[in-house]
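Here is the structure we will look at.
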Amino acid sequence: MKTFYIETFGCQMNAHDSEKVVGTLVGRGYSQVQTPDAAGLVLYNTCSIRDKAEQKVFHRLQQFKREAGKGKVFGVLGCVAQQEGEKIFERAPHVSLVCGSASYTKLSELLFQIESGERRVTGLSLDTEETFETPLTRRDNPHRAYLTIIEGCDKSCAYCVVPFTRGPERSRTAESVLAEVRQLVDMGYTEVQFLGQNVNSYRDPTRPGIDFAALMRLAGQVPGLRRLRFTTSHPRDFVQEIVDAIDENPVLCNHVHLPVQSGSDSVLARMRRLYTRDEYMRRIEWIKRSHRDIAITTDIIVGFPGETESEFQSTLSLMDMVEYESMFSFKYSPRPNTSALTLDDHVPEEEKTRRLTIVQEKQRAIQIRRNSEMVGRVQEVMVEGFNQGTGQWIGRTSQHRTLNFTAPVERSPLAGSYLDVRVTRSSPNSLAGEMLTL
Ligand code: SAH
Ligand code: SF4
Ligand code: F3S
């Protein structure tokens, strides 16, 4: 029997790509196993966003060096595959398949070549016009479905590998997106999350009048859909209509992830982010003026080349102004092919670490304060599961906060159901509460 194991690194786009890859393999008669030892085909779907992420796959492959020639086949997929291409065969000679995400439309063909005994096959073309869609997608979560609406990225942020690893932007037609949303609802999904590196630049290739806000409005009307989310938004392409759409329809979740990266105009310019601090803050004002309580989250990079202490302070002051619900923060990591490599004046590692710690401590204080303001409020959650360790149910609010709660034994909720929970306690990263029983 043909067996495979897959491990996935990186962002939600990668997680969802793996669901499509798993579907494609199952469709070819493979069955999934839970350890690399038990598998005939071992796949790593890789991330290259920071150096640490890239190193993970080479560590994994190193562990299996002895297996070379013993019949086990190794494949590297995703962003490191696209970035390193055939060089992977030199670093890890036991690898047989190297395929970037823009070539997954050819995955079935490549697998056929491997099955026919070819030793090395690659899918590395970036000039595809197509997006990878498959009716065979095997989704991991039975209630919340990821759905890619746009692939690739046409921005050229100075630090970022994504335009090189995922290629140019390609939007799906609204018709195919909406058909899939309807199909997902028919299958029992109540939450859909639209994915793209920059969902805001979505535009229907056949009907250019349908932009991202229009697509959200249309999808939000699909009967039976309870929640619609999206990630990620680029601030430059974030328009007021997106907030208006959220305002109009409670199915659209009250959460916007709007990565700022830095609060300093000079750093934003060096990063080629295409917006200023003021322009970013204008978008924050639109969101805060909404009659819905829209949670705002972000990403921050500290220690970008040449970042001075006063530029760093600008990031801290912006954090005070916005008061994000949560954030991901990173030390700048130099990446292959990116234009930031030509900048000098690198911030020393210890200084990056110091700045990261300051950002994270400030954010923790903000979250402690903001989460404590939630105590006493009633929130609707989707039940995600039960935590045996704590005896609590795990819920997710529309704002994408985790809200763990207790429920009377005789009223045990079902995973996937929606119910109201009163928040009784808060911690920096989550809320706790009790199910309302009236
Ligand atoms: N498309 C998204 C970002 C995807 S990458 C956007 O434009 O916002 C996710 C996050 O990783 C980025 O927001 C950024 O904060 C971080 N990141 C990307 N490249 C990085 C690098 N070279 N070093 C450190 N962090 C990086
Ligand atoms: Fe990277 Fe910038 Fe594209 Fe986001 S918008 S994926 S940070 S290049
Ligand atoms: Fe990583 Fe590629 Fe996503 S680099 S963050 S897996 S787009």
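Figures for the structure shown
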{"item": "Residues (over 17 Å from Asn141 (Cβ atoms) and either free of Cβ contacts under 8 Å to residues at least 24 places away in the same chain or in contact with a His (Cβ under 6 Å, 6 or more places away or on another chain) (or both)) located in the stretch 152-203", "result": "Pro163, Ala179, Asn198, Asn200"}
{"item": "Residue in the stretch 216-223 that is of a type outside the set (Ser, Thr, Tyr), within 24 Å of Ser101 (Cβ to Cβ) and within 16 Å of ligand 3 (Cβ to nearest atom) present", "result": "no"}
{"item": "Residue in the stretch 366-387 that is free of Cβ contacts under 8 Å to residues at least 12 places away in the same chain and either surrounded by 13 or more Cβ atoms within 10 Å (Cβ to Cβ) or of a type in the set (Ser, Thr, Tyr) (or both) present", "result": "no"}
{"item": "Flag if Gln221 is outside any helix (DSSP H, G or I), within 16 Å of ligand 2 (Cβ to nearest atom) and not charged (D, E, K, R)", "result": "no"}
{"item": "All positions within the stretch 309-348 that are within 30 Å of Glu373 (Cβ to Cβ) and part of a loop (DSSP other than H, G, I, E, B)", "result": "Glu323, Tyr324, Glu325"}
{"item": "So Gly395, is it within 24 Å of the chain's Cα centre (by Cα), of a type in the set (Gly, Ala, Ser) and crowded, with 17+ Cβ neighbours inside 10 Å", "result": "yes"}
{"item": "Candidates Arg289, Arg226, Arg273, Arg283 - the one that is assigned by TED's automatic domain parsing to the domain that holds Met187, in contact with a Leu (Cβ under 9 Å, 6 or more places away or on another chain) and either within 16 Å of ligand 3 (Cβ to nearest atom) or not β-branched (Val, Ile, Thr) (or both)", "result": "Arg283"}
{"item": "Where Gln34 falls short, out of the listed (1) within 16 Å of ligand 1 (Cβ to nearest atom); (2) exposed (fewer than 14 other Cβ atoms within 10 Å of the Cβ)", "result": "(1)"}
{"item": "Test: Phe132 is assigned to a loop (DSSP other than H, G, I, E, B), away from ligand 2 (no atom under 16 Å from the Cβ) and surrounded by 19 or more Cβ atoms within 10 Å (Cβ to Cβ)", "result": "yes"}
{"item": "Some residue of the stretch 96-115 being among the charged types (D, E, K, R) and crowded, with 20+ Cβ neighbours inside 10 Å", "result": "no"}
{"item": "Residues (assigned to a helix (DSSP H, G or I) and either touching a residue at least 60 places away in the same chain (Cβ under 8 Å) or under 25 Å from Arg166 (Cβ atoms) (or both)) located in the stretch 44-72", "result": "Asp51, Lys52, Ala53, Glu54, Gln55, Lys56, Val57, Phe58, His59, Arg60, Leu61"}
{"item": "From the options Glu67, Glu115, Glu86, residue that is farther than 30 Å from Glu180 by Cα, at pLDDT 95 or above and out of contact with any Pro (no Cβ under 6 Å at 6 or more places or on another chain)", "result": "Glu86"}
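Quick grid of which residues meet (1) assigned to a helix (DSSP H, G or I); (2) more than 16 Å from ligand 2 (Cβ to nearest atom); (3) closer than 25 Å to Arg182 by Cα:
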position: Phe74; (1), (2), (3): no, yes, no
position: Val80; (1), (2), (3): yes, no, no
position: Ser96; (1), (2), (3): no, yes, no
position: Leu110; (1), (2), (3): yes, yes, no
position: Ser156; (1), (2), (3): no, no, no
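The values are calculated or read from the model by the stated rules, or taken from the named source; none is laboratory data. Here the structure is a predicted model, which is why all the values come from computation and not from measurement. Cβ: placed from backbone, ideal geometry, glycine included. Neighbour counts: every protein chain shown.
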